[in-house]
1. Does ASP209 qualify as being of a type in the set (Asp, Glu) and closer than 25 Å to THR315 by Cβ?
2. Tell me which residues, restricted to the stretch 61-79, are buried (at least 21 other Cβ atoms within 10 Å of the Cβ) and over 17 Å from CYS202 (Cβ atoms).
3. Here is a list of conditions, (1) touching an Asp or Glu at 6+ places or on another chain (Cβ under 6 Å); (2) assigned to a strand (DSSP E or B), and SER81 meets all of them except one; can you say which number that is?
4. Suppose we filter ARG249, ARG323, ARG305 for residues that are assigned by TED's automatic domain parsing to the domain that holds LYS41 and in a helix (DSSP H, G or I); which single one remains?
5. Can we say LEU224 is part of a helix (DSSP H, G or I), touching a residue at least 40 places away in the same chain (Cβ under 8 Å) and over 23 Å from PHE277 (Cβ atoms)?
6. Residue check: is ALA131 at pLDDT 95 or above and either more than 22 Å from the chain's Cα centre (by Cα) or farther than 29 Å from LEU62 by Cα (or both)?
7. Sort out which residues of the stretch 104-117 are surrounded by fewer than 16 Cβ atoms within 10 Å (Cβ to Cβ) and either free of Cβ contacts under 8 Å to residues at least 60 places away in the same chain or not in a strand (DSSP E or B) (or both), and write them in order of number.
8. Considering ARG252, ARG248, ARG227, which residue is within 24 Å of ARG96 (Cβ to Cβ) and of a type in the set (Lys, Arg)?
Amino acid sequence: MKTTDVFVIGGGPAGLAAAIAARRKGLAVTLADAVRPPIDKACGEGLMPDGLAALRSLGIRLDAADCYPFRGIRFLGAGVSVDATFPEGHALGVRRTVLHSMLVEAAAAAGVRLLWGTSVRGICPEGVDIAGQTMPAHWIIGADGFHSRVRRWAGLDARTSGSQRFGFRIHYRIAPWSDCMELHWGAGCQIYVTPVGPQAVCLALLSRDSHLRLDAALAQFPQLSARLAGVPRETAERGAVTANGRLRRVYRGRVALIGDASGSVDAITGEGLCLAFHQALALADSLACGILEPYQAAHRRLAKRPTLMSTLLLTMDRRTWLREHVLRAMASDPRIFRKMLSMHVGALQPLNFAANGCALAWQMLTA
């Protein structure tokens, strides 16, 4: 079989981004996935400004006709509402299938060899096993998601931390009523509302209850439920697992992991895709240099900010009294929320988190 410099196992956004980034470094790249595009997945479908910047670094600009812009984030809960505008640029709501199709087109245009409907049975020192034959590959990239087989084959399964929640998503045929992505806080769950088109919004539920579905969860949010009463659904409910977990190592020998295969942050941050795109850029730099140690260091550095934010937001999820106090404090002093959003999208360094945390604590005591 034809030799390749890089073989990517997994054709989701992380795998396609890794393939595109490696091709931009002049490497010959082959990508395989057992399914055919477009590949869908339950997610909030919002790309933050830092995620869009990473896409531009990969040479990809989303077609505005297939997306819907929004200016910021709004938190709703405990009887209050607080929002903030992104410090730079805007975000885009984009259907997962639309994003995937765009990435597939970009990979094909870059010269990536795409093997859709192709199962990889294993890896070996020479390359990868496809249908009982070995395709020689110098580097192997595992981009095959949360339950990664590549991670297991490479002996990289040891996790240092982890928590698991469940997400469910439905699209509704209704004009967006807000210029923000909304995060509605309830008891033990959150609902994201993302505008994804002139007549389409995406609702994504996150909770620790694998049996909780959107219809039941909406009972906690009477205003949102009333707004959607009688509104037709565009898609059936789709579910996925989300997790907050980290691996001790993300490479071994000539095998590297990326995206959810390499550890993940809870979907409450909305940073999963952005993180994968930045990982792809860092991985391509290491592949071009012929050494993977720098990728390990970059991977750990890139995960710090979203991990910090997910820890804060999940703590709010677990403790009702804390969530209510935080939301009321932010509503009393919206500057706190603006700084948090700035840090969330990388415009403010995590070192500022302590100062903002002190301001939040003081506001909670005095609000």
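The values are calculated or read from the model by the stated rules, or taken from the named source; none is laboratory data. Given the structure is predicted, the values throughout are model-derived calculations rather than measurements. Because the Cβ atoms are built from the backbone with ideal geometry, glycine has one as well, and the counts that use them run over all protein chains shown.
1. Yes: the conditions hold for ASP209.
2. PHE75, GLY77
3. Against the list (1) touching an Asp or Glu at 6+ places or on another chain (Cβ under 6 Å); (2) assigned to a strand (DSSP E or B), SER81 comes up short only on (1).
4. ARG305
5. On the way: part of a helix (DSSP H, G or I): yes; touching a residue at least 40 places away in the same chain (Cβ under 8 Å): yes; over 23 Å from PHE277 (Cβ atoms): yes.
Judged against the criteria, LEU224 is a match.
6. Working: at pLDDT 95 or above: no; either more than 22 Å from the chain's Cα centre (by Cα) or farther than 29 Å from LEU62 by Cα (or both): yes.
Spelling it out, it is not the case that ALA131 is at pLDDT 95 or above and either more than 22 Å from the chain's Cα centre (by Cα) or farther than 29 Å from LEU62 by Cα (or both).
7. Within the stretch 104-117, GLU105, ALA108, ALA109, GLY111, GLY117 qualify.
8. ARG227
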